[in-house]
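**Q** Structure in structure tokens, see below.
Values in this text are rule-based calculations from the coordinates and carry no lab data. Nothing here was measured: the structure is a model prediction, and the numbers come from that model. Backbone-built Cβ (ideal geometry, glycine too); neighbour counts: all protein chains shown.
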Amino acid sequence: MTRIKERRYIKDEFVDLVTKHNKSVILDDLYGSKDLKTSLVNHLEYKLEHLLKWSDKNSMGFSIESRTPFLYYRLIEYTLSMPSNAVIKNGYTKYTLREAMKGILPEKIRLRKGKVGFATPANNWFRTEDFKKLVTNILDSDTFAGRNIIDAETAKSLYQKHLNKEINISKDIWKWIHLEMWFRKFID
């Protein structure tokens, strides 16, 4: 639950209620794994399906040829049989693969630490007039504030910082919008 509490906008009462009535095995497994191998297995179990689904939808939706490498089950089994320092070492992920690519890939690419992926410009979208209107309407609504899940004033303050380009909280803004819209469609 520490990761949830890091989100300053989630109300403590809501976190307490959720943790009291619902011990999350998935959260505990994903973020409380005892070692790297267990963490990798848990991520394969709980997250891979979602990552593949969204990768597929995004690539097809934008007519981009995409492939998700390293899904061959024997490679996964082999990787899970390796010691942890062969997977991550000195801050480098895929350590053994990187070592195998010495002299094949340019060093700048082989030793790159920043992940490069297919990202959307959501941080900029939420600064456009259409999205500002949508987000502001949601954050100012009585229903959003009355749910006692998100602290509306904190969310508004964070959104203003986002608009001022002080921070990028586009992932959080997506969650606020979708949570409220889901409530309006299925609960209210």
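**Q** With an 8 Å cut-off on Cα pairs and a minimum separation of 6 or more residues, tell me the relative contact order of the chain in percent.
**A** 21 percent
**Q** Further, regarding this structure: Please turn the phi angles of segment 139-145 into ³J(HN,Hα) values with the Karplus equation 6.51 cos²θ - 1.76 cosθ + 1.60 (θ = phi - 60°), one per residue in order, whole Hz, x for glycine and proline.
**A** Computed from phi, the couplings for segment 139-145 are 5, 8, 6, 5, 5, 4, 5 Hz.
**Q** If I compute Cα Rg over 2.2 N^0.38 Å from the structure I just sent, which labelled value in (i) 1.60; (ii) 1.05; (iii) 1.27 lines up?
**A** It is the value labelled (iii).
**Q** Around Lys89, which amide H atoms from residues at least 5 apart in sequence, or from another chain, sit under 5 Å from its own amide H, with H modelled in the peptide plane?
**A** Amide H neighbours of Lys89: Tyr95.
**Q** Given the peptides 174-180, 163-169, arrange them by the average over their residues of other C-beta atoms within 10 Å, most packed first.
**A** Packing order, densest peptide first, comes out as 174-180, 163-169.
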